[in-house]
Amino acid sequence: MKRQSSELVTLGVMLALVFLLMWILSPQRFATLTNLQSMGSQLAVIGLLSLGMMATMITGGIDLSIIAVADLAGIVTAFVLTAHHPASGFMVFIAIVAGLAVAVVVGSLNGLLIAVVGVSPILATLGTMILIQGFNIVITGGGLISGFPSAILFIGNGNLWIFPMAFVIFLGFAALLHLLMRYTVFGFNVYMMGSNPTASRFSGVDNTRVLITTYALSSLYAGLAGMIMISQYNSAQAGYGSNFLLLTILAAVLGGTSATGGFGTVPGLFFALLILQSLSSGLTIIGFSGFITISIWGIVILAVFVLNFILSKIGDRRRKRTDPPPYLGGGELRNDETSA
Amino acid sequence: MQSGERSTNVIKQLLSRHETYVALAIVIFSIVITAINPAYLTLRNFLGLFQTYAFWGVLAVGVLVVLISGGIDISFTAIATVAEYVMATIMLRFGGDIFTSLLIAASIGIVLGLINAVFIHYFKIPTIITTIATLNVYYGVLIAITHGSILHSFPSWFNNFGNMLVFTIPGSHGGSPYGMSVLTAIWIAIIVIVWFILQHTRLGRAVYAIGGNAEAARRVGFNIVSIQMFVYGFMGLIGGIAGFMHGLMIGAAEPNSIYGHELDVIAMVVLGGANLAGGKGTITGTILGVVLIAIMGNGLTIMRVSSYWHNLIIGVIIVVSVSFSAYRGRRAVVRRSVSKERTEAVG
């Protein structure tokens, strides 16, 4: 607990610094309502995707299929919507449920491959990622599906008073995941399984069920991101958001999620997302290209890790520990096996 | 009697290897494709195929080494792109010859690979995080500087080298002559070198050792620093060589044609039986993985299956392959523990 709260403080300070820096660099344009609104609605898609990614990373796994699943959910929803012209409010609801249901099915399939068949998470989801990408191309014929009712467009582009609807959805589901992880038996089991799967099995946790639920949950969040994506692009297509995949891993890690499992919180991820979004938004305003922004994300992550490493070294020296720390590098993916 | 026993042992051993099944899949697909269109099973088709896939094959060999060491590298597409771009820029501005071009691309690759190694080894950042970050840094900086512009009109000495054939076969029935591309030859040379390093040198065994159990390898006295420097530096070198090959293949440096395919290459290696837990994987498996993906793409085209289906079919193959190998791995563990119990009971 102590580790987590100090991490949140660090992230909070970082966020404040980044925000202030961007404000100083472009005082007229950064902290305006319009910019903050656009930051909020841009953050929603990658935010929901990162939440799903984080959940699987806490179990010691990873979910590479999230973008493919988000596209699939969007395409299914778009199919239902365009098949019933003009779509009634009820049809919109059915379409969204259909898209999310397909996402959950794929997520459960991931969970089954990992927990029952015993495939390592990175391989299972790499496989389903390529499979679902292929499936998306086949069912859309490589084309674009467009022409949505205004209710769908509202999800990604509308405002609830001054808050972008997409951001409100993200915030709601982030809070939901936070409650789930923090205050339910399921959440407790996820953390326990992630830090020590053998211990959790022997203390009566059904690891198989925890894994399947987590991957289904991750896909559900990907599906939600898919809904916002088709709304913001006003179309559905295979290949939307493919740049986000690796960035969601970086966002989760910056937020304190461990690549070996057992750690990671929604508030940490939320701060990390705000930091990254402020950086990219601020830099875009100054006139940097999107690519330099992404490379700055990379530099920030590396810097945070290096800083943490140096601080922990200093801490060790202060405690005057005589024995050298055990060698830890090189094998961090070993944890992938823990699902077996 | 004895020879019969020996041959059943050989079969048993073959059946216990992942590579056998990949090879079997290649044979079965080849038979099906040939039955539908005999144009598939020709030397000309295969030489062309290996020319196209030599570039991916080279990258796959580099990824294999990293996976065996228990790590992962995502940044190699950016390394290849940067190396290719810098090489092309220097070549267009100052000229040079084929060896200096290769040297430039290779050195850039090694430097970028060693940067990865420094973060991984000295700051203990997980390999996947380090290399995702550096993927974005390397590629982002390149695009920010170049604005994604394409370099072309390479000097003729460069393009001529790319079109060179190692041997030529006169085309039958008045067809044009064909042969093995220099790109394929580079792939084969790298395969032989890596095979030798992995199987016949102390360094190669060390790579398997740190992938199997890093702590045990350290205690036995392996120098972890130099092994990790080698692994990521070597991946960088391979990335640089691949960048050079890409220039030869395309005749232009396009910043966005390699980037984004990192997971596809990893999938080929995984198909060949390497797993991400480290300590496992063979060069034969990796070659078979690349060949399987290559003949699938080629075969589907020859069978006139729409290219829309390619990814789906390749995805199905990968899911089946990783599931099958996980299932067999699990069964082997059960069998081992059963036989152990038996011997204990006897003893």
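The numbers here are math on the coordinates, done by the rules we state, and not lab data. Just so you know, these numbers come straight off a predicted model, no measurement behind them. So basically every Cβ, Gly included, is an ideal-geometry build from the backbone, and we count neighbours across all protein chains shown.
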Practice item. Starting from segment A:101-171, pick out the chymotrypsin sites (Phe, Trp or Tyr not before Pro) whose DSSP state is loop and whose Cβ has at most 10 other Cβ atoms within 10 Å. Key: A:Trp161
Study note, to complete from the structure: Once amide hydrogens are built 1.01 Å from N within the peptide plane, the residues lying 5 or more places from B:Val166 or on another chain with amide H under 5 Å from its amide H are B:Met180, B:Ser181, B:Val182
**Study point:** Total lysine pairs under 29 Å (Cα atoms) in the protein assembly as shown, excluding pairs fewer than 8 apart on one chain
**Key:** 9
Study note, to complete from the structure: A correct Karplus calculation of ³J(HN,Hα) over segment B:68-78, with 6.51 cos²θ - 1.76 cosθ + 1.60, θ = phi - 60°, whole Hz and x for Gly and Pro, returns 4, 6, x, x, 8, 10, 9, 7, 5, 5, 5
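When Cβ neighbours within 10 Å are restricted to other protein chains, what is their mean count per residue of peptide A:298-309?
Values: counts 14, 6, 1, 8, 9, 1, 1, 8, 5, 1, 3, 5.
Across A:298-309, the average partner-chain Cβ count within 10 Å equals 5.
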Exercise for review: Report, in deg cm²/dmol and to the nearest 500, the calculated mean residue ellipticity at 222 nm for chain B, where each DSSP H run with n ≥ 4 adds -39500 (n - 2.57) and the sum is divided by the residue count.
Suggested key: -25500 deg cm²/dmol
Practice item. Just the number, please: Stokes-Einstein D of segment A:45-247 in µm²/s, Kirkwood Rh from C-alpha pairs, 4 °C, 1.567 mPa s. Key: 76
**Study point:** Under the Karplus curve 6.51 cos²θ - 1.76 cosθ + 1.60, θ = phi - 60°, whole-Hz ³J(HN,Hα) for segment A:188-194, x wherever Gly or Pro sits
**Key:** 4, 5, 4, 5, 5, 4, x
Check your understanding: Averaged across the residues of B:301-313, what count of C-beta atoms belonging to other chains lies within 10 Å of each residue's C-beta?
Key -> 4
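Which of B:Phe50, A:Phe186 has the fewest other C-beta atoms within 10 Å, and how do the rest follow up to the most?
Ranking B:Phe50, A:Phe186 by Cβ neighbours within 10 Å, fewest first, gives A:Phe186, B:Phe50.
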Review point. So what is the relative contact order of chain A, in percent, for Cα pairs below 8 Å that sit 6 or more residues apart?
Key: 32
Check your understanding: When only Cα pairs under 8 Å and 6 or more residues apart are kept, what is the percent relative contact order across chain B?
Key -> 32
**Study point:** Of A:Ile301, A:Phe202, A:Ala70, farthest towards positive along the dipole that unit charges on Lys, Arg, Asp, Glu beta carbons give the protein assembly as shown
**Key:** A:Phe202
Revision key, fill the gap. At R0 = 25 Å the Cβ-Cβ FRET efficiency linking A:Ser5 and A:Leu36, nearest 0.05, sits at 0.40
Review point. Sorting A:Ser242, A:Ser120 on the 10 Å Cβ count, fewest up front, what's the list?
Key: A:Ser242, A:Ser120
Check your understanding: Fewest first, what order do B:His173, B:His200 take by the number of other Cβ atoms within 10 Å?
Key -> B:His173, B:His200
Revision key, fill the gap. Segment A:45-247: relative contact order from alpha carbon pairs under 8 Å, six or more residues apart, as a whole percent, is 43
Check your understanding: Looking only at A:Ala259, A:Ala31, A:Ala83, which one moves most when chain A is put into a Gaussian network model with springs between Cα atoms under 10 Å?
Key -> A:Ala83
**Study point:** Residue among A:Gln232, A:Gln28, A:Gln133 with the largest mean-square fluctuation in a Gaussian network model of chain A, springs linking Cα atoms under 10 Å
**Key:** A:Gln28
Revision key, fill the gap. In deg cm²/dmol, rounded to the nearest 500, the helical mean residue ellipticity at 222 nm of chain A, built from -39500 (n - 2.57) for every DSSP H run of length 4 or more, is -24500 deg cm²/dmol
Point to revise | Rounded Å value of the spacing that divides the Cα centres of segment B:151-174 and segment B:86-105 | key: 19
Review point. For the pair A:Leu180 and A:Leu160, how long in nm is the line joining their label points, each one 7 Å along Cα→Cβ?
Key: 1.8
Review point. Which whole-Hz couplings ³J(HN,Hα) result when phi for each residue of segment A:257-266 is put into the Karplus expression 6.51 cos²θ - 1.76 cosθ + 1.60, θ = phi - 60°, listed in order with x for Gly and Pro?
Key: 6, 8, 6, 9, x, x, 10, x, 9, 5
Practice item. Could you work out how far the C-alpha centroid of segment A:101-117 sits from that of segment B:228-258, in angstrom? Key: 36
Study note, to complete from the structure: Ranked by GNM mean-square fluctuation in chain A (Cα springs under 10 Å), the top entry among A:Asn159, A:Asn189, A:Asn308 is A:Asn308
Review point. How far apart, in nm, are two points set 7 Å out from the Cα along the Cα-to-Cβ line at B:Arg6 and at B:Ser306?
Key: 5.5
